[in-house]
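Written out below as structure tokens is the structure these notes cover.
The values are calculated or read from the model by the stated rules, or taken from the named source; none is laboratory data. The shown structure was predicted, so the numbers you read here are calculated from the model rather than taken from an experiment. With ideal geometry, Cβ positions are generated from the backbone for all residues, glycine too; neighbour counts draw on all protein chains shown. These accessible areas exclude ligands, DNA and RNA; they are computed on the full protein's heavy atoms, side chains included. Shrake-Rupley method; radii C 1.70, N 1.55, O 1.52, S 1.80 Å.
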Amino acid sequence: MSVSQSLHTRTYPDPAAALQLIKPITWFPPMWAYLCGVISSGEPISSAPWMVILGVLLAGPIVCGMSQAANDWCDRHVDAINEPNRPIPSGRIPGRWGLYIALMMSGLSLAVGALLGPWGFAATVVGVLAAWAYSVEPIRMKRSGWWGPGLVGLSYESLPWFTGAAVLAHGAPSGPTIVIALLYGIGAHGIMTLNDFKALEGDRQMGVNSLPVTLGPERAARVACWVMAVPQVAVIALLTYWGMLWHAWGIFALLLAQFFSMRVLLSDPKGRAPWYNGAGVTLYVSGMMVAAFALRSVEALW
């Protein structure tokens, strides 16, 4: 069935397509970051288990799922070029249902965020606004290969980390926690840049100036590697300064493994980017959790 035929024959979204729209595979990073925040707070999970579970669901299926729906709606013309079989351009999510789903999930995000207290609600508001700012005209920060991935990196890693720590501690996280969360969010800019490789042709045609478009795949991949590596070096230096030597060595070992993965990536940036998003990113987020456990001890000294 052609796209136009499907659009005319379907009235309501296909449930499987609706699930595909909110992309479960993308939920892991913010859920993991929220758990890193919980661990780094120094508070026992048993002190507020429902806040932990609710926060993980909010960070992943709800807020991240909403951001994916909003992005796919705003990107439907680009996706018609890059991936015409995706839910909206294929017609499996007909009419304006993509927009309706994104708006309904935005409301759900705010409602659930309110259950996490003032800090959790404030962070949810920031997350919802960031999701729409990334995708919607006339703001559409994803048009920039610098600002767009930066916003997503901070929203996927730093903001959930901050939220998890604030919700468990019932207040603002400590300085070290905020700094480490920011560093990992900055490094995630490189991960988001690699994610842009899959949309290279459509972005070029639709005027989305991602780094693979503006710099070319080879230079963009090198920039992404530097952006991922430098913040981790800063984390290692800070943990060493705070006396968390074993944790610093653990992250150093994970970074060395990433360097080997980066060599593979740079041999064929466009072809290897999906592979690196599995191998290299796993090492990156493992370092996040190591840093979170280190912060439990740092919190006691702060």
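At a glance:
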{"read-out": "Selection status of residue 191, open to solvent by less than 20 Å² (accessible area, probe 1.4 Å) and not charged (D, E, K, R)", "value": "yes"}
{"read-out": "Only listed residue being open to solvent by less than 40 Å² (accessible area, probe 1.4 Å), in a helix (DSSP H, G or I) and touching a His at 6+ places or on another chain (Cβ under 9 Å), chosen from 291, 279, 257", "value": "291"}
{"read-out": "Boolean, residue 224 is open to solvent by less than 50 Å² (accessible area, probe 1.4 Å), part of a helix (DSSP H, G or I) and free of Cβ contacts under 8 Å to residues at least 40 places away in the same chain", "value": "yes"}
{"read-out": "So residue 35, is it surrounded by fewer than 19 Cβ atoms within 10 Å (Cβ to Cβ) and either at pLDDT 95 or above or among the basic types (Lys, Arg) (or both)", "value": "no"}
{"read-out": "Yes/no for residue 265 being out of contact with any strand residue (DSSP E or B) (no Cβ under 7 Å at 6 or more places or on another chain) and either open to solvent by 60 Å² or more (accessible area, probe 1.4 Å) or at pLDDT 95 or above (or both)", "value": "no"}
{"read-out": "Test for residue 153: is it in a helix (DSSP H, G or I), of a type outside the set (D, E, K, R), open to solvent by less than 50 Å² (accessible area, probe 1.4 Å) and free of Cβ contacts under 8 Å to residues at least 40 places away in the same chain", "value": "yes"}
{"read-out": "Number of positions in the stretch 120-150 that are farther than 22 Å from residue 188 by Cβ and part of a helix (DSSP H, G or I)", "value": "1"}
{"read-out": "All positions within the stretch 38-65 that are open to solvent by 60 Å² or more (accessible area, probe 1.4 Å) and under 24 Å from residue 192 (Cα atoms)", "value": "57"}
{"read-out": "Near pairs, Cβ below 9 angstrom, 6+ apart or cross-chain, from the stretch 176-201 (basic (Lys, Arg)) to any residue that is crowded, with 21+ Cβ neighbours inside 10 Å", "value": "198/273"}
